[in-house]
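One structure is given here, and the rest of the page talks about it.
The values are calculated or read from the model by the stated rules, or taken from the named source; none is laboratory data. Owing to the predicted nature of the structure, the values given are computational and were not obtained by experimental measurement. Cβ coordinates were reconstructed from backbone atoms using ideal geometry, including for glycine residues, and neighbour counts include every protein chain displayed. Areas reflect the complete protein model, heavy atoms only, side chains present, ligands, DNA and RNA absent. Shrake-Rupley method; radii C 1.70, N 1.55, O 1.52, S 1.80 Å.
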Amino acid sequence: MVVTGRLAAAAVLAALFVTLALPSWLGVLIATLVLVALIAVDLLALGSPGALELSREPLTTVRSGRGIEVELAVLNAGTRRMRGTLWDDWPPSAHARHRTHALNLPPNTRIRLRTELTPDYHGDRAAGPVTLRLLGPLGVAGRQVRRQVPARLRALPPFRSERLLASKVKQLQHLEGRNTTTIRGQGTEFDSFREYVAGDDVRTIDWRATARADDVLVRTWRPERNRHVVMLLDTGRVSAGRVGAGTRLDATIEASLLLGGLAAAGGDSVDLLAYDRRVRTEVRGIGGKRLQVKLMHALAGLAPELVDTDYQGLLRATLQRARRRSLVVWFTHLDAATVQEGLLPVLPVLAERHRVLVVSVTDPEVAAAATRRTGLDDLYAAAAAENVIAEHAVARETLRRMGVRVIAAAPDRLPEALADEYLELKRTGAL
């Protein structure tokens, strides 16, 4: 049961009555009975809170940083009017606004109450309890109950690089000869025949086709399609490092979304595997327009785990999923410990079966610190930054000598750099 300020005001009036009109125990008894009667009338006229039926959508999705309104449907299935206040509770990270609603529902009436949510980071948020405070017709007393109405808000990754996707897809289409004439010798997948012209490589002449035609015919090629791309996301403690405005994992998610959309547009099938000591999330064998949505939902709840990554386990999980030769894009960090203890023992096995591309996020603050020389403190910071840069350069060169391609860029440059590398692999037929 709850009481309101009206009951307090009635109690003050009752005290004045006892003091001025009937200063005796009889006056106290009369005032008390009046107050109790007011409370009883309100509670009896209130009706049952169970007559209110609450429902809402079990899952609502929105991009991180954007606002969305979630609806809570309230139905008064009873025979009495319901008055009071409703609080729609959400976690603080959902940044709920306008979550307090006034109720004045006649019988057999349904209303929809809207609460605005603006999550600032990707992930799932579970709705909290709905609190109902229902008051009687006099407004002096009522009942307060809490009801669980299960629902989730899924904040998808922001995917700021989506603006680049259309231009990169257009480049890929030109590369595959959809909008321009296929160039001789480009790619390794057979496209069509054309007539021989002076300067063509005689090794491209197809003698069987020539025998059936009136002219000499040569083969034309295009970049390979229907290839398999496997994206490996290291979600161990190295992915929790702060780089720019987010973590390394945030930059990794952004780059993987752009690569996934580009690969799907190129006709490739894409697998995604997030791993540290176990599989955190995965997407398998999906291409086309469905891939982008699947990737976003799979990556929405992904967060760094403060454990050392089991690289042998990651290798086994990758080989189980990639049976045929694939492009393996491994998102990780290139510090000396990770390379020496994690990557080098497993990369030879992986590179023997697949084309491997290692992708790493660099810290722009380290690059900026290496250029500052204004004071003594800056000199020490610059020396430390130069040491980190040199360590990463050695790691990249070590991997390149093993036949592994490496991309290292700042968070804002990483998605585009990875997309350009994928296009270059398509152009050269290196997939």
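Just one of (1) in a loop (DSSP other than H, G, I, E, B); (2) loosely packed, with under 15 Cβ neighbours inside 10 Å trips up residue 170, so point out which.
Going through the list (1) in a loop (DSSP other than H, G, I, E, B); (2) loosely packed, with under 15 Cβ neighbours inside 10 Å, residue 170 breaks only (1).
What strands (runs of 3 or more DSSP E), lying completely within segment 83-160, carry at least 1 residues that are out of contact with any Cys (no Cβ under 8 Å at 6 or more places or on another chain) and among the β-branched types (Val, Ile, Thr)?
Of the strands (runs of 3 or more DSSP E) lying wholly inside segment 83-160, those with at least 1 residues that are out of contact with any Cys (no Cβ under 8 Å at 6 or more places or on another chain) and among the β-branched types (Val, Ile, Thr) span 100-105, 109-117, 130-135, 141-147.
Would you call residue 119 of a type outside the set (Asp, Glu), without any contact (Cβ under 8 Å) to a residue 60 or more places away in the chain and exposed (fewer than 15 other Cβ atoms within 10 Å of the Cβ)?
No: the conditions fail for residue 119.
State the number of residues belonging to segment 126-151 that are at pLDDT 90 or above and exposed (fewer than 15 other Cβ atoms within 10 Å of the Cβ).
Residues meeting the conditions: 7.
Can you tell me how many residues within segment 315-327 are out of contact with any helix residue (DSSP H, G or I) (no Cβ under 9 Å at 6 or more places or on another chain) and either in a helix (DSSP H, G or I) or on the phi > 0 side of the Ramachandran plot (or both)?
Of the residues in that region, 4 qualify.
Here is a list of conditions, (1) open to solvent by 20 Å² or more (accessible area, probe 1.4 Å); (2) not in a loop (DSSP other than H, G, I, E, B), and residue 305 meets all of them except one; can you say which number that is?
Failed condition: (2).
Report yes if some residue within segment 13-35 is of a type outside the set (A, V, I, L, M), open to solvent by 60 Å² or more (accessible area, probe 1.4 Å), at pLDDT 80 or above and not in a helix (DSSP H, G or I); otherwise report no.
Yes: segment 13-35 contains one or more residues that are of a type outside the set (A, V, I, L, M), open to solvent by 60 Å² or more (accessible area, probe 1.4 Å), at pLDDT 80 or above and not in a helix (DSSP H, G or I).
Of all strands (runs of 3 or more DSSP E) completely enclosed by segment 188-239, which ones contain at least 2 residues that are at pLDDT below 85 and open to solvent by 70 Å² or more (accessible area, probe 1.4 Å)?
Where strands (runs of 3 or more DSSP E) fall fully within segment 188-239 and carry at least 2 residues being at pLDDT below 85 and open to solvent by 70 Å² or more (accessible area, probe 1.4 Å), they are 189-195.
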